[in-house]
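The values are calculated or read from the model by the stated rules, or taken from the named source; none is laboratory data. All figures in this text were calculated on a predicted structure; none of them were measured in a lab. For neighbour counting, all protein chains shown are included, and Cβ atoms are generated from backbone atoms with ideal geometry for every residue, glycine included.
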Amino acid sequence: MNAMEEPIPIEKLVDGKTLASILGVAYSTVTRMAGANLIPSVLIGSRCGSRRYNLSKVLAILEENSRGRVVTAKAHRRGKRRTPQAEPEVRL
């Protein structure tokens, strides 16, 4: 390696169970989000491979998506995002 070349940073990939634990959601939620392309994943292996997730990218995407809008898997497939509804006003 030349002195001018910088090493390529390698980020650690985590499995679905670890990601689910970090996010505080069920493993099925992680796989559903990956299947709907809401979070990025890498398939390791050609046949019955396992998915791995780049934790920093997943957290960045979830942070970006949580700013004022909620993205659901169903809405994502339709290309829509839903805006959270305000709580109805209760008068006594």
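Note on segment 21-43: residues that are closer than 23 Å to ILE10 by Cα, without any contact (Cβ under 8 Å) to a residue 24 or more places away in the chain and outside any helix (DSSP H, G or I) amount to 4. In this entry, LEU13 is excluded by the filter for residues that are over 10 Å from the mean Cα position of the chain (by Cα), of a type in the set (A, V, I, L, M, F, W, C) and surrounded by fewer than 14 Cβ atoms within 10 Å (Cβ to Cβ). Filtering segment 37-91 to residues that are polar (S, T, N, Q), at pLDDT below 75 and surrounded by fewer than 11 Cβ atoms within 10 Å (Cβ to Cβ) leaves SER46, SER66, THR83, GLN85.
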